[in-house]
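Data first, discussion second: the structure below is written as structure tokens.
The values are calculated or read from the model by the stated rules, or taken from the named source; none is laboratory data. As the structure is a prediction and not an experimental result, all values here were calculated from the model. Every residue, glycine as well, gets a Cβ built from its backbone with ideal geometry; the counts of neighbours run over all protein chains shown.
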Amino acid sequence: MRYLFFTNTPAHVHLYKHAIGRLADRGDEVLVLARDYTCTVDLLEWYDLPFEVYGSCDTSKGSLLSRLPAHYARAIRLARRYDPDLIFGMGGYAAHTGAVVRTPTVLLIDSEPASFDHTISTPFARAVLTPNTFRKDLGEHHYVFPGFKECAYLYPETYEPNPEIRDQLGLETDEPYAILRLNAFGSQHDVGKRGLTGPDRRRIVERLAEDVTVLISDESGEADLEDLPARRFDLHPALMHDALAEASLLVADTQTMVTEAALLGTPAIRSNSFVGDDDMGNFVALENQGLIHNVANAEGIVERVDDLLEDETVDETWQRRRDEFLADKANLTEIIVDVATVRGAVEELESVRQFGRRPERDPVQSVGVGGD
């Protein structure tokens, strides 16, 4: 079998990397079509995955829109030459390429706000997979799995912590640190959304620095750190999960890293304009479990920082909550490999169920933020 995977962002590389390795190990042919966006190519090279670049863009929305025609043309040309049996992706690139080269496509989607992308991509997919917390109906081919896309690479049986990460970060064995993650807001689903402003960032860093070392991971690379008591995260991006696993706290205006922190048992505070009554189902579920805090402004962030850094039981509490949360979640890598094996005929699998159909057993009950 020949499988083609689209990786448009760094998170997509992590999503598929273990499945690609498993398929290759059993003798199947695999190829990644990558968009050169932030550190996507760096990660593909780090994990030694076979790839071709179909296009590039920077973190501005205009950069992506202006290059779409060239991206599609090259992606279709590369896919036609490779002649895959099945395509995996997360949106329009994969779905439309599959339609043109007449190859069944499986989309793995986890962001409810990306309505435009859903509209133009899902009609062309053989199957659409989402987490079971996903709250939108994407049609008759919509199936759900128990967990999040991050369960493909941070599931306990999959992820192995790096015991040398503190040395690589230049930190002492017992030195507490926090990570501030800043989003570029350059994706299609980020249109009209915003995160932490310059004054907010300064206030947050200054508060964190009173108790911990502060590392800043800035997707756009444009954050002004002058005179701030913080330094940039300057290791290879493939080491970010290891740094996150050892951190005392994550503060972020992005999405993926917040979920990653939760699955690693690291407290996380998330603040951006997605937060609110219409927030995404996965972040509601994580907050209900007491693993993350969704707050609307910098004042709320500082209040949560005070609570978390002053609580001596945080490490033990978060690990227990994380273990309880993952108790009924699936290893997504195994599901992806199974989907590949049946060429996208997910209705044949017991590990997924059609959207809207009740699960055969009730999920583990939430402990809630005040449940301890």
Selection within the stretch 312-362 - loosely packed, with under 12 Cβ neighbours inside 10 Å and part of a loop (DSSP other than H, G, I, E, B): 312, 313, 327, 350, 356, 357, 358, 359, 360, 361, 362
Could you figure out which of (1) modelled with pLDDT of 90 or more; (2) among the polar types (S, T, N, Q); (3) within 20 Å of residue 110 (Cα to Cα) isn't true of residue 266? (3)
Residues in the stretch 1-49 that are closer than 13 Å to residue 238 by Cβ and either outside the structural domain of residue 76 (by TED's automatic domain parsing) or in contact with a strand residue (DSSP E or B) (Cβ under 7 Å, 6 or more places away or on another chain) (or both): how many? 5
Could you say whether any residue in the stretch 73-80 is buried (at least 24 other Cβ atoms within 10 Å of the Cβ), out of contact with any Phe, Trp or Tyr (no Cβ under 7 Å at 6 or more places or on another chain) and without any contact (Cβ under 8 Å) to a residue 24 or more places away in the chain? no
Within the stretch 109-188, considering only strands (runs of 3 or more DSSP E) that don't extend past its boundaries, which have at least 1 residues that are out of contact with any Phe, Trp or Tyr (no Cβ under 6 Å at 6 or more places or on another chain) and over 18 Å from residue 87 (Cβ atoms)? 142-145, 177-182
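The rows are residues; the columns are (1) surrounded by fewer than 22 Cβ atoms within 10 Å (Cβ to Cβ); (2) touching a residue at least 24 places away in the same chain (Cβ under 8 Å).
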residue	(1), (2)
12	no, yes
23	yes, yes
37	no, yes
68	yes, no
When residues of the stretch 214-251 are filtered for being farther than 30 Å from residue 316 by Cβ, aliphatic (A, V, I, L, M) and at pLDDT 95 or above, how many remain? 0
Condition first: touching a strand residue (DSSP E or B) at 6+ places or on another chain (Cβ under 7 Å), under 18 Å from residue 295 (Cβ atoms) and either in a loop (DSSP other than H, G, I, E, B) or among the acidic types (Asp, Glu) (or both). Can you find one or more residues in the stretch 256-271 that meet it? yes
Picking from 27, 55, the residue that is of a type in the set (Gly, Ala, Ser) and outside any strand (DSSP E or B) would be 27
Looking only at the stretch 261-292, how many residues end up being in contact (Cβ under 8 Å) with a residue 40 or more places away in the chain and not acidic (Asp, Glu)? 18
Would you confirm whether or not the stretch 6-20 contains a residue that is more than 19 Å from the chain's Cα centre (by Cα) and either within 25 Å of residue 147 (Cα to Cα) or at pLDDT 95 or above (or both)? no
Assess whether residue 321 counts as being modelled with pLDDT of 95 or more and touching a Leu at 6+ places or on another chain (Cβ under 7 Å). yes
Any idea which residue in the stretch 324-372 is modelled with the lowest pLDDT, counting only those that are in contact with a Gly (Cβ under 7 Å, 6 or more places away or on another chain) and over 30 Å from residue 6 (Cβ atoms)? 371
